[in-house]
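The values are calculated or read from the model by the stated rules, or taken from the named source; none is laboratory data. Note that the structure is a prediction, hence the values are computed from the model and not measured. Every residue, glycine as well, gets a Cβ built from its backbone with ideal geometry; the counts of neighbours run over all protein chains shown.
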Amino acid sequence: MSAPTRDKGNTVVLHVAESTAEMPAAAEPYTPPKTVTGEGVRPYPGAPASPREPSLPRRRIANPQSPWSTAYRRLKRNKMAVFGLMFLFAMFLFSFVGPLFSPYTEGRVNVALIHKPPSASHWLGTDDLGRDVLTRLMQAGRISLLVGIVSMVLSVLVGAILGVLAGYYRGLVDHLIMRAADVLMSIPEIPILIVIGAILSDLKISSEYRIYVVMLLIGFLAWPSLARLVRSQILSLRERPFMLAAEALGLRDRRKLRHLLLNAAPTLIVVATLGVARAILSESVLSFLGLGVVPPTPSWGNMLQAANTLIDFQLRPWLWIPPGVAIFLTVIAINLVGDGLRDALDPRTNR
Amino acid sequence: MRQYMTKRILYLIPTLFGASLVIFFIFALAPGDFLDSDLSLTPERAAELRALYGLDRPILERYFIWLGNALKGDFGYSLQYQQPVGALLKEYVWNSFLIASVSLVLTWTIAVAVGVFSAVRQYSWYDSLITLGVFAAMSFPPFFIGLLLIKLFAVDLGWLPIGGMTNTGSQSTGFAYVWEVAEHMILPSTVLTMLSVGSLTRHFRANMIDVIRLDFVRTARAKGLKEKTVVYKHALRNALLPAITLFGLELPGLFSGAIITERIFNWPGVGNMHMEAIAHRDYTVLMGFTLFLTFLTVLGNLLADWLYAVADPRIRYK
Amino acid sequence: MPRTIVEFVNLHTYFDTADGVVKAVNGVSFRIREGETVALVGESGCGKSVTAMSLMGLLENTTGRIVDGEIRFDGKNTVNMSRAELRRIRGKDVSMIFQEPMSSLNPVLTIGEQMAEPMIEHLHMSRKEALAKAVELIRMVGIPRAEAIARSYPHELSGGMLQRIMIAIALCCKPKLLIADEPTTALDVTVQAQILDLLRELKRQLEMAILLITHDLGVVAEMADSVIVMYCGKVIEQAPVLSLFQHPRHPYTQGLLKARPSIGRRTERLYSIPGQVPSPIGLGNSCYFSDRCDRCMDVCLAQQPPLRAVDDRHSVACWLYEEGIRDVRSAARS
């Protein structure tokens, strides 16, 4: 949900000629200024024989700071964001590299080991087919994270392109795109996802292809709000003086778009980051309901289905609590990072 | 103002039409229908029923029939429950409304209080703690928190009932009934509140932080007003402005039924009904209900726009 | 000699930033007398606004703190005052107007409401009385249709009108001192003249002192009785206005005056003081202006010059005017 932007009443202030000299010294030979009384400079007793050239200010000129490097420094200072990043990195390692260390990766059905509680050989116990829960958790992590990222990339691409087109070209294009976005946004998301998920089940698409379809689905349904956001950014950016300057210089469309995109990038980055979190949650809901990623492909969402049986729910919490916790922690970490990015990229905070 | 609202109302119409198209076609094009899920029917009988219900007519025709009926208020007939969809909705929607409204009040109260507190004490460790808490609330998968709470409070501790709206087979009336419902309501409302309080708190906090930095707050301080006045009368009033629109957008949520939460707690609301309809391919119910929700969403948007104009004098006089 | 209303005694206000401590106000001392208009002049960032904020006690919500010195307002030291005490004198005995009138008022409250607030708070008027007085005040600052204006919202008025309203609000409790922080910088030149006229007139009527913060020497010439020039948080020159303009002593002041284009004179290029204002962090123990000064001496690089009177009421902080220096210089030469 986006609240209407508030006009903060900033006026463009044109300063009448400031009498104080803030212009840096010109790169020309220095000539001693005449004093106020019009006389030349008379060396005072003890003054150096020839007038000294004013040296460069004694302090170091601060390193030229691009907005990106400033943002990077500020991000580094945000402890929670850094923590989030480290956790995410750890989670990636866990999911993608972890299985390499596990002796249970084939996921063979082992009837003798069904439903064993956590022990030394199976740190998180085994599930209803005798598979090691920890390994499945790691493998599921791969899927869930992958779905999250790919969906986000998809929605950002579609949303950003459409948003830029709408905001930059206005007119009919804008109208069409925004109407389409409106329609899609008015329709409640979860019912549609569920229904399409059900349709997919009926069409009996194989478990592997399901993943891709799920990615497409989640990604595609998220583009309207992104497009809206990008469009409103573009709309406000194109009125800014620097765009007017670009126009006055006679720059081509492509270069102007580049300017716009670079300025819209910070918001986009933040939204994209948080979008991964949303996508992961969406996938988990779908899979939990049996309509997203289906077994045998593991995903954190469908591992949680174990909670649906009363016995598993009550007596075997090791089946469903770990995936839930995994989702929870990953999403928190993403949120922390996204929030940190927002603070770092936003020039308003003054600390 | 009138111009502003008229324009907005006019936009409603194409949006609703477009949405109805999308909704209808998604459901109609879905393979299979209600009759497929009833395995006891012979093919001939199924074909007969199809003709009876008009399910064998060309799609476009069905769309217009459906739309025409909908505009007259007739959302069709549920094949599963053997009731008109409208009546079905009415039966269940108020249960959903109950927990949704309680959750709404709680969410907003907590969000405003915590958001303002957190903003006024930005950078303190209160703020960090609250931020962490808020993120935790926002990051729970919706069903997970419900399951955890059930496990903790209902199963392990046994303090609260596991699910449903009343105790099974209960015949209580009057005050005892109210008490029973209230008891059953605690966990689902809590879950709903927890799920939405996070982002709203962040929103208020961010708004408040922005507003506190603005020039006019400095002027208010320079006038020697009490800090309380500065924060509540000047800063908060401005910070709440955009939130007013959010309030309008809560409208659809009140009636849409939290699908996941209701399922987990077995709460007899429209969300549950929704899931059942999906499972049984009762597309009439699905179409009608989704259209209803879309209508509410659009209405909610309209309400939000209107509220904003009412609250912010700058918009009013444009 | 009219009595002193405010005296700043060796004020030091520092800000803690991520890059270090910024000594925004670094040993500032001056006084303002009853009925006097004192202009505080300097470039952006030299500490003039912070000085005023220190007096008003408006540093609470920033990372700034007063680390040393006193501010004697009406006999009492405001640095030691509790927040409640400070709040009581703010808006009542000393009030402030700011640079951007367009954003200085709350957009969702009416003008009248915002003007009535300080009167209700400090003078304990009833709402009705305060609103009536507000209408009177609006008239006093020269705005017609005062009742209608009192009922309208800030976004409906122009910058000039808003600044008049701000002045009216600032004066509603008849303060002894009005601080005007760049009141005309954001306004057109013609409006600027009107506002300055208004300030002058009101000052005469209410017999109050004005601390005028500005970087515009033209405004100074028009309004000020005495001038204080600041650079990098320090007072480098202080004089009655005429004396400053006729006999500027400090090289910086001379540079400032030289840099102003004047109507009768045509030059090939306008003069500007070479170099740039140094970064406020990590300033050493030398004269802050030394790297831009054309008459810099060795001693300037080694120590900071103290503020010394060279004349009746005219003081400068510059080694060029230190008596003992001549000896040092001749010693160095020989």
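The one condition from (1) in contact with a Lys or Arg (Cβ under 9 Å, 6 or more places away or on another chain); (2) under 17 Å from C:VAL229 (Cβ atoms) that C:PRO305 does not meet is (1). If we scan the stretch B:5-21, do we find a residue that is modelled with pLDDT under 75, over 24 Å from the mean Cα position of the chain (by Cα) and within 14 Å of chain A (Cβ to nearest Cβ)? No: the stretch B:5-21 contains no residue that is modelled with pLDDT under 75, over 24 Å from the mean Cα position of the chain (by Cα) and within 14 Å of chain A (Cβ to nearest Cβ). The selection criterion, being among the aromatic types (Phe, Trp, Tyr), touching a Pro at 6+ places or on another chain (Cβ under 6 Å) and more than 10 Å from chain C (Cβ to nearest Cβ), holds for B:TRP267.
Can you tell me how many residues within the stretch C:1-54 are more than 26 Å from C:LYS176 (Cα to Cα) and β-branched (Val, Ile, Thr)? The total comes to 3. If a residue must be hydrophobic (A, V, I, L, M, F, W, C) and more than 9 Å from chain B (Cβ to nearest Cβ), how many such residues does the stretch C:95-137 contain? Total meeting the criteria: 13. Being at the interface with another protein chain (Cβ under 10 Å from one of its Cβ atoms) and either under 19 Å from A:ALA71 (Cα atoms) or within 26 Å of the chain's Cα centre (by Cα) (or both) is the filter here; which residues of the stretch A:305-325 pass it? Answer for the stretch A:305-325, where residues must be at the interface with another protein chain (Cβ under 10 Å from one of its Cβ atoms) and either under 19 Å from A:ALA71 (Cα atoms) or within 26 Å of the chain's Cα centre (by Cα) (or both): A:PRO323, A:GLY324, A:VAL325. Within the stretch A:122-130, not a single residue is within 13 Å of chain B (Cβ to nearest Cβ), touching a helix residue (DSSP H, G or I) at 6+ places or on another chain (Cβ under 8 Å) and of a type outside the set (S, T, N, Q). Can you find a residue in the stretch C:171-182 that is over 16 Å from B:ALA222 (Cβ atoms) and assigned to a helix (DSSP H, G or I)? Checked the stretch C:171-182: no residue is over 16 Å from B:ALA222 (Cβ atoms) and assigned to a helix (DSSP H, G or I). Can you spot a residue in the stretch C:47-55 that is under 18 Å from C:GLN238 (Cα atoms), in a strand (DSSP E or B), at pLDDT 90 or above and outside the structural domain of C:LEU283 (by TED's automatic domain parsing)? No, there is no match, as no residue in the stretch C:47-55 is under 18 Å from C:GLN238 (Cα atoms), in a strand (DSSP E or B), at pLDDT 90 or above and outside the structural domain of C:LEU283 (by TED's automatic domain parsing). Do we find a residue being among the hydroxyl-bearing types (Ser, Thr, Tyr) and within 13 Å of chain C (Cβ to nearest Cβ) anywhere in the stretch B:231-238? Yes, the stretch B:231-238 contains a residue that is among the hydroxyl-bearing types (Ser, Thr, Tyr) and within 13 Å of chain C (Cβ to nearest Cβ).
Got a sec? Which of C:LEU199, C:LEU211 is within 21 Å of C:THR4 (Cα to Cα), touching a residue at least 12 places away in the same chain (Cβ under 8 Å) and assigned to a helix (DSSP H, G or I)? Before the answer, list the steps.
Numbers: C:LEU211 fails: assigned to a helix (DSSP H, G or I).
Being within 21 Å of C:THR4 (Cα to Cα), touching a residue at least 12 places away in the same chain (Cβ under 8 Å) and assigned to a helix (DSSP H, G or I) holds for just one of C:LEU199, C:LEU211, which is C:LEU199.
Number of residues in the stretch B:272-285 that are buried (at least 23 other Cβ atoms within 10 Å of the Cβ), within 10 Å of chain A (Cβ to nearest Cβ) and under 19 Å from the mean Cα position of the chain (by Cα): the value is 2.
Please verify whether the stretch B:188-202 includes one or more residues that are facing another protein chain (nearest Cβ under 10 Å), farther than 25 Å from B:TRP94 by Cα and part of a loop (DSSP other than H, G, I, E, B). Within the stretch B:188-202, none of the residues are facing another protein chain (nearest Cβ under 10 Å), farther than 25 Å from B:TRP94 by Cα and part of a loop (DSSP other than H, G, I, E, B). All conditions in (1) surrounded by 13 or more Cβ atoms within 10 Å (Cβ to Cβ); (2) at pLDDT below 85 hold for A:PHE92, with the sole exception of (2).
Yes/no matrix, rows are residues, columns are (1) more than 13 Å from chain B (Cβ to nearest Cβ); (2) out of contact with any Asp or Glu (no Cβ under 9 Å at 6 or more places or on another chain):
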| residue | (1), (2) |
| --- | --- |
| C:ILE167 | no, yes |
| C:VAL189 | yes, yes |
| C:LEU196 | yes, no |
| C:LEU199 | yes, yes |
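Every condition in (1) within 14 Å of another protein chain (Cβ to nearest Cβ); (2) touching a Pro at 6+ places or on another chain (Cβ under 9 Å); (3) over 19 Å from A:LEU286 (Cα atoms) holds for A:LEU203 except the one numbered (3).
Under the condition of being in a helix (DSSP H, G or I) and in contact (Cβ under 8 Å) with a residue 12 or more places away in the chain, the residues counted in the stretch C:118-156 number 18.
Quick check, is C:ARG88 in a helix (DSSP H, G or I), surrounded by fewer than 21 Cβ atoms within 10 Å (Cβ to Cβ) and either among the hydrophobic types (A, V, I, L, M, F, W, C) or not assigned by TED's automatic domain parsing to the domain that holds C:ILE149 (or both)?
Details: in a helix (DSSP H, G or I): yes; surrounded by fewer than 21 Cβ atoms within 10 Å (Cβ to Cβ): yes; either among the hydrophobic types (A, V, I, L, M, F, W, C) or not assigned by TED's automatic domain parsing to the domain that holds C:ILE149 (or both): yes.
So C:ARG88 passes the test.
Tell me, please, whether a residue that is more than 27 Å from A:ALA333 (Cα to Cα) and in contact (Cβ under 8 Å) with a residue 24 or more places away in the chain can be found in the stretch A:214-232. So far as the stretch A:214-232 goes, yes, one or more of its residues are more than 27 Å from A:ALA333 (Cα to Cα) and in contact (Cβ under 8 Å) with a residue 24 or more places away in the chain.
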